[in-house]
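The structure appears below as structure tokens.
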Amino acid sequence: MRDKKILITGGPVWAPLDKIRVISNVFTGRLALLTAKEAVKKGAKVTLLLGPSPLSLPKKTPQNLKIIRFSFFDELHQLMKREISSRQYDVVIHSAAVADFIPKESRAGKIISTKNNLTIKLKPTPKIADKIKEWDPKVFLVKFKLEVNLSQKELIKRAYKSMRVSNADLMVANDFKDVDIKKGRHRAFIIDEEKNIIVCQTKKEIAKKLLNIIIKKI
């Protein structure tokens, strides 16, 4: 992958409730960081957009790895639009756990904690993955799809449909029941346009196999 430029997104994406509270999720961006490091080993120049992750980052960042931190959905959206519209990237690996819904309004200051009831109205966020090929039609796009408690057949069916909607080149499909951080297990399926399927069992395996497939495709 020498001299190839790769943009990777990872980690959770916050949705603000007020000045100090957010809606978030349980993901850390560990897979994105592993993939970024593996891509650098293979000679790529990598930009990693990393959300508010609890991971300890390397004190010395490898020369060909640039990490840009963000916290909120709007920040990620703007960063991705700016970076991808520059049309300098060969590959985009979009693995961030993007918020599907955000509050219709973020309260000024702090919501009073003594309220007996609190109603929060949410609105859907724009699908960033669906805009990537608009920003750069030539970029090689890897999309991620997470579902919960589906059969393997249904997971792959939904993932492939989602892949076609975004005009992605590869899809990484996983079910939350197959992810166990403590045991190091992360079962996933890498799907291409011809519906070829590669099975992975750990995050390291996903990162390595995904990059090997990208090398062959590009």
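The values are calculated or read from the model by the stated rules, or taken from the named source; none is laboratory data. All figures in this text were calculated on a predicted structure; none of them were measured in a lab. Because the Cβ atoms are built from the backbone with ideal geometry, glycine has one as well, and the counts that use them run over all protein chains shown.
Name the residue that is farthest from residue 44 (Cα to Cα), counting only residues in region 74-89 that are surrounded by 17 or more Cβ atoms within 10 Å (Cβ to Cβ) and touching a strand residue (DSSP E or B) at 6+ places or on another chain (Cβ under 9 Å).
76
Within region 136-173, track down each residue that is more than 20 Å from residue 209 (Cα to Cα) and either in a strand (DSSP E or B) or charged (D, E, K, R) (or both).
136, 138, 147, 153, 154, 157, 158, 161, 164
To keep it simple, each residue is scored yes or no on (1) at pLDDT 95 or above; (2) crowded, with 21+ Cβ neighbours inside 10 Å.
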residue: 6; (1), (2): yes, yes
residue: 19; (1), (2): no, no
residue: 28; (1), (2): no, no
residue: 36; (1), (2): yes, yes
residue: 40; (1), (2): yes, no
residue: 62; (1), (2): no, no
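Do you know which residues across region 1-30 are assigned to a strand (DSSP E or B) and closer than 23 Å to residue 122 by Cβ?
Of all residues in region 1-30, those assigned to a strand (DSSP E or B) come to 5-10, 12, 14-16, 22-23.
Hits for region 1-30 are 9, 12, 14, 15, 16, 22, 23.
Which of the following residues is under 20 Å from the mean Cα position of the chain (by Cα), under 15 Å from residue 191 (Cβ atoms) and touching a residue at least 12 places away in the same chain (Cβ under 8 Å): 161, 145?
Working: 161 fails: touching a residue at least 12 places away in the same chain (Cβ under 8 Å).
On inspection, the qualifying residue turns out to be 145.
This table checks each residue for (1) touching a residue at least 24 places away in the same chain (Cβ under 8 Å); (2) in contact with a Gly (Cβ under 6 Å, 6 or more places away or on another chain); (3) surrounded by fewer than 18 Cβ atoms within 10 Å (Cβ to Cβ).
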residue	(1), (2), (3)
58	no, no, yes
72	yes, no, no
91	yes, no, no
100	yes, no, yes
121	no, no, yes
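Can you pull out the residues in region 57-77 that are more than 14 Å from residue 10 (Cβ to Cβ), assigned to a loop (DSSP other than H, G, I, E, B) and touching a helix residue (DSSP H, G or I) at 6+ places or on another chain (Cβ under 7 Å)?
Answer for region 57-77, where residues must be more than 14 Å from residue 10 (Cβ to Cβ), assigned to a loop (DSSP other than H, G, I, E, B) and touching a helix residue (DSSP H, G or I) at 6+ places or on another chain (Cβ under 7 Å): 62, 64.
Test each condition in (1) touching a helix residue (DSSP H, G or I) at 6+ places or on another chain (Cβ under 8 Å); (2) touching a residue at least 60 places away in the same chain (Cβ under 8 Å) for residue 109 and report the one that comes out false.
For residue 109, the exception is condition (1).
Find the residue count for region 174-211, including only residues that are outside any loop (DSSP other than H, G, I, E, B), loosely packed, with under 14 Cβ neighbours inside 10 Å and out of contact with any Leu (no Cβ under 8 Å at 6 or more places or on another chain).
4
Is one or more of the residues making up region 42-51 touching a Ser or Thr at 6+ places or on another chain (Cβ under 7 Å) and surrounded by 14 or more Cβ atoms within 10 Å (Cβ to Cβ)? Lay out the reasoning, then the answer.
If we filter region 42-51 for residues that are touching a Ser or Thr at 6+ places or on another chain (Cβ under 7 Å), which is where we start, we get 49, 51.
Going one step further and asking which of them are surrounded by 14 or more Cβ atoms within 10 Å (Cβ to Cβ), we end up with 49, 51.
Taking every residue of region 42-51 in turn, at least one turns out to be touching a Ser or Thr at 6+ places or on another chain (Cβ under 7 Å) and surrounded by 14 or more Cβ atoms within 10 Å (Cβ to Cβ).
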